[in-house]
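These notes are about the structure you will find just below.
Coordinate-derived values only; no laboratory data. Quick caveat, the model's predicted, so the values are computed rather than measured. Here Cβ is always computed from backbone atoms with ideal geometry, including for glycine, and neighbour counts include all displayed protein chains.
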Amino acid sequence: MHYCHDTVKNINKIFRRVVFCFLLFFPNQGALAGDGVVSTIQRANRLISNRDCGKAWSMVWPLARQRNPYGLAWLGSAMYFAFMVPPSSHQVTGKPNLQNIHRDVFTLWLHAWRHAQDSRPQRQILNDIFFVGTEDPRYLTIKKCMLSSSDKEACVNVAISLKLTEQWSSFVRRIERANNPAYCWMQYKPFKSR
């Protein structure tokens, strides 16, 4: 997985661009999200810009748990671009296990794609983060399924069978049984626009 290690300004720009790609490039997505979802994501953005990943996760997790594509996409983006680590049962000091982070980001984005009415933005993000430049045939199988099948659930099941992700119920159970809260593992001073 390729984490963005550019300047703070670039990290924040990229994060904001990904989080709001649905609203900017697909105008009907804003109407589909609803005011409550948009305001929750805006509040979570303020928390994460202050590096309060635990509260930000707790605020957005109820949306994601209910398979809201915006909540799922926001958490996946926060993990990938803002270095948020989800709740865990293991005490982590320092850098987390990036393979686990990679799997969780993929799980969140895959389910965001699965549950979106207009899944083009999520498919594009999955392509950019996981499919471009990979030689892993498992990811290429999922990409092919996403492009050729109208049955999203079948593609998710293929990803599960290829061990790229887990059943949604298992993911939820693992997150909710965790005794250590979400946190930000890479500290940086957030860029504040003037």
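Values for this structure:
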item: Inter-part distance where region 125-167 and region 43-99 are each reduced to a Cα centre, Å; result: 22
item: Label zone at Glu166 (point 7 Å along Cα-to-Cβ), backbone N below 15 Å, region 108-150; result: 108
item: Sequence-distant residues sharing a close amide H with Ser88 (under 5 Å, placed H); result: Asn179, Asn180
item: Under 16 Å from Lys143, Cα to Cα: aspartates and glutamates that are on another chain or at least 8 residues apart; result: Asp128, Glu135, Asp151, Glu153
item: By average C-beta atoms within 10 angstrom, highest first, the peptides 41-48, 143-150; result: 41-48, 143-150
